[in-house]
Amino acid sequence: MIEQVSLSTSRLILRPFSLTDATELQRLAGYKVIADTTVSIPHPYNLSIAQNQIKTYQQDFIEGKAVHFAIALKETNQFISIVINL
């Protein structure tokens, strides 16, 4: 099985998602203004939705459907955004 790699710069890490990212993902994606600009983010966006989405990311990668990277601050590993390659 191929594992998703992590990439880093001097300030950021692009890495596979972890369930520990769910709370911050829910907070960021839960803003109505964010949901209004996408077709794939429901509003309200609760914690269980975030957790379930993160659980699908590894399977999407294995099946070659998509690659989801969590963007995190290198110094703290705090999740700050997402990159999706379909």
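Take segment 36-63 and flag every residue that is part of a helix (DSSP H, G or I), of a type in the set (G, A, S) and within 19 Å of N85 (Cα to Cα).
Answer for segment 36-63, where residues must be part of a helix (DSSP H, G or I), of a type in the set (G, A, S) and within 19 Å of N85 (Cα to Cα): just A50.
Selection of segment 57-86 for residues being open to solvent by 70 Å² or more (accessible area, probe 1.4 Å), within 15 Å of the chain's Cα centre (by Cα) and of a type in the set (S, T, N, Q) yields Q58, Q59, N77, Q78, N85.
Residue by residue, here is whether (1) within 26 Å of L7 (Cα to Cα); (2) not aliphatic (A, V, I, L, M) holds:
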site	(1), (2)
D36	no, yes
S40	yes, yes
H43	no, yes
N46	no, yes
Q53	yes, yes
A70	yes, no
E75	yes, yes
F79	yes, yes
N85	yes, yes
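Of all residues in segment 1-56, those satisfying the criterion of being open to solvent by 70 Å² or more (accessible area, probe 1.4 Å), closer than 21 Å to L73 by Cβ and in contact (Cβ under 8 Å) with a residue 60 or more places away in the chain are L7, S8, T9, S10, R11. Only residues that are of a type in the set (D, E) and part of a loop (DSSP other than H, G, I, E, B) were counted in segment 1-35, giving 1. Each residue in segment 64-86 was checked for being outside any strand (DSSP E or B) and of a type in the set (S, T, Y), and 1 of them qualify.
Scanning segment 26-45 turns up no residue that is at pLDDT 95 or above and among the hydrophobic types (A, V, I, L, M, F, W, C).
The values are calculated or read from the model by the stated rules, or taken from the named source; none is laboratory data. Bear in mind that the values here come from a model prediction, so they are computed numbers and not experimental data. As a convention, Cβ positions derive from the backbone with ideal geometry for all residues, glycine included, and neighbour counts pool all protein chains shown. With ligands, DNA and RNA removed, areas are computed over all heavy atoms of the protein, side chains included. Shrake-Rupley method; radii C 1.70, N 1.55, O 1.52, S 1.80 Å.
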